[in-house]
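Below is one structure, written out as structure tokens; the observations come after it.
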Amino acid sequence: MKIISLLPAATEILCDLGLADNIIGVSEECNYPDIVKDKKIISRIRLDLEDKTNLEIDNAISNLINQGISPYIIDEDLIEELNPDFIISQETCAVCAASKSDIKKINVDNKIVDYSPLTLDDIPESILNISDKLGVKEKGLEIKKKFLFEINEIASKTKNIIDRPRVFAMEWIDPIYIAGHWVPDMINIAGGKELYGKGGEKSKKLNFNKIIDYSPNYIFVMPCGYSVEKTLNEIDNLLSNKDLNKIPAFNSGNVYIVDADSYYTRPGPRVIEGIKIIARTINPLNYQYEPKPDSIINLQNFIHFESFAG
């Protein structure tokens, strides 16, 4: 069986299902686990985003979409050459990964397996659907059961929190986007309250004054597809805002940068780690957990360190 995956989350899931050796092509964003890094590249971002700011990236991608142009280039000749049995695609977000509509020249409808979860609950069901289509349903059931068990484990420690802290998940810095899809569900399981974002809804731009009105107790900065290190390169755009002191989270030092690419952007099993990171941060008395290295950093501590180091 030969499989092409056009999105990082599906690539990770295929490996969890024991199908790593069946993967013959991936997108250039597929960087986990290490075993997939040598696979043939099927889809690439159309733009050169190296050294581009959040604002420049947002403008460039918006211009493409407004012209009806996909942000992704598909190597359709390579697909025909590889002749896959299945192609894993998605329709959740046209910006985040290549979709079925990007494959235009070849007849692949009967080979497409859709992976388009919108909410946290959708993720284990979508994993099971993939496993069923690829003939490894028992392994899919195993992953689903583990996923739900871990969700319930976290929820059992946070569900009775009455005074839930207000949490703002910032999916883009300039312009500011509030995280949607499964992230609001993650915050809810972690014991927080997200006002503007709703599970299943797309991420959306948010005026800074709305953040002031919301007065979040915690802010998690998680630009889509960014690591902590990459986000730090953009953080001055946020820190230059003179009204930051009007937000409780900034005044109390409760602004955190997290590894969005690993634990929030991709709707797969690793979002469990993302929930744990939020839960131990906003509810340390109810939930204790030691995050993995480089998964989260406190912004205030980073600024103090930078000032000390010169």
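What follows draws every value from the coordinates through simple rules; no lab data is involved. These numbers come from a predicted model, not from an experiment. Every residue, glycine as well, gets a Cβ built from its backbone with ideal geometry; the counts of neighbours run over all protein chains shown.
Say R0 is 30 Å: what FRET efficiency, to the nearest 0.05, do Asp21 and Ser116 get from their beta-carbon distance?
0.75
Taking Cα pairs under 8 Å and at least six residues apart, what relative contact order does the chain come out at, in percent?
14
Positive end of the dipole of the chain, charges at C-beta (+1 Lys, Arg; -1 Asp, Glu), about the Cα centre: which of Ile303, Ala190, Trp172 has its Cα farthest in that direction?
Ala190
Among the aspartates and glutamates, select those whose C-alpha is under 18 Å from the C-alpha of Lys52, and discard any that sit fewer than 8 residues away in the same chain.
Glu28, Glu29, Glu171, Asp174, Glu229, Glu234, Asp236, Asp261
For the chain, what proportion of DSSP beta bridges, expressed in % and rounded to the nearest 5, is antiparallel? Don't skip to the answer; put the middle values down first.
On the way: 10 of 29 bridges.
Taking every DSSP beta bridge with both residues in the chain, the antiparallel ones total about 35 percent.
To the nearest Å, what is the center-to-center distance of segment 37-72 and segment 209-233, using C-alpha atoms only?
Taking the Cα centre of segment 209-233 as reference, the centre of segment 37-72 is 22 Å away.
In percent, how large is the relative contact order of segment 8-56, given Cα pairs closer than 8 Å and 6 or more residues apart? The partial results should precede the final answer.
Numbers: 44 pairs, mean separation 15.7, N = 49.
It rounds to 32 percent for segment 8-56.
Where the only charges are on Cβ atoms (+1 Lys, Arg; -1 Asp, Glu), what is the dipole of segment 3-116 about its Cα centre, to the nearest 20 debye?
Numbers: 10 positive and 22 negative charges, 50 e Å.
Around 240 debye, computed over segment 3-116.
Pulled fully out, how much extra length does the chain show between Arg44 and Asn251, if you take 0.36 nm times their separation in residues and subtract their Cα-Cα distance?
70.4 nm
Dipole of segment 161-309, Cα-centred, from +1 at each Lys and Arg C-beta and -1 at each Asp and Glu C-beta, to the nearest 20 debye?
Values: 16 positive and 17 negative charges, 93 e Å.
Approximately 440 debye in magnitude.
Calculate how many DSSP beta bridges within segment 61-210 are antiparallel, expressed in % of all such bridges and rounded to the nearest 5.
On the way: 4 of 8 bridges.
So the antiparallel bridges amount to about 50 percent of the total.
Give Lys137/Lys205; Lys100/Lys193; Lys40/Lys137; Lys193/Lys242; Lys100/Lys145 a once-over and call out the pairs whose C-alpha atoms are over 32 Å from each other. Present the calculation step by step, with values, prior to reporting the outcome.
On the way: Lys137/Lys205 39 Å; Lys100/Lys193 35 Å; Lys40/Lys137 26 Å; Lys193/Lys242 26 Å; Lys100/Lys145 29 Å.
The answer is Lys137/Lys205; Lys100/Lys193.
Each label point is 7 Å from the Cα along the Cα-to-Cβ direction; what then is the distance between the points at Lys52 and Ser215, in nm?
Here the modelled spin labels are 3.9 nm apart.
Can you find, among Gly140, Ile79, Cys96, the residue farthest towards the positive end of the dipole of the chain? Put +1 on the C-beta of Lys and Arg, -1 on that of Asp and Glu.
Gly140
With r defined as the distance between the Cβ atoms of Asp163 and Lys37 and R0 fixed at 45 Å, what FRET efficiency is calculated, to the nearest 0.05?
On the way: r = 45 Å, r/R0 = 1.00.
Once the sixth-power term is evaluated, E becomes 0.50.
Any idea which of Ile24, Ile257, Leu244 is furthest toward the positive side of the dipole for the chain, if Lys and Arg beta-carbons carry +1 and Asp and Glu beta-carbons -1?
Towards the positive end, the residue furthest out is Leu244.
Might you report the magnitude of the Cβ-based charge dipole of the chain about its Cα centre, with Lys and Arg at +1 and Asp and Glu at -1, to the nearest 20 debye? Can you show the working numbers first?
On the way: 35 positive and 47 negative charges, 200 e Å.
Magnitude of the dipole: close to 960 debye.
With N set to the residue count of the chain, report its C-alpha Rg divided by 2.2 N^0.38 Å to two decimal places.
Working: Rg = 19.7 Å, N = 310, 2.2 N^0.38 = 19.5 Å.
So the Cα radius of gyration is 1.01 times the expected 2.2 N^0.38 Å.
Going by a 4.7 Å Cβ-Cβ cut-off, which cysteines of the chain have no partner at all?
Unpaired cysteines in the chain: Cys15, Cys30, Cys224.
Per-residue ellipticity at 222 nm for the chain, helices alone: DSSP H runs ≥ 4 residues times -39500 (n - 2.57), over residue total, nearest 500 deg cm²/dmol? Before the final figure, lay out each step's value.
On the way: 13 runs with 118 residues, N = 310.
Rounded to the nearest 500, the figure is -11000 deg cm²/dmol.
Give the average over all directions of the projected area of the C-alpha convex hull of segment 140-229, one decimal, in nm².
Taking the Cα atoms of segment 140-229, their convex hull projects to 7.1 nm² on average.
Quick check on segment 161-309: what does the Kirkwood estimate of hydrodynamic radius come out to from the alpha carbon pairs, in Å?
Values: mean 1/r = 0.0659 Å⁻¹.
Hydrodynamic radius (Kirkwood, Cα pairs) of segment 161-309 is 15.2 Å.
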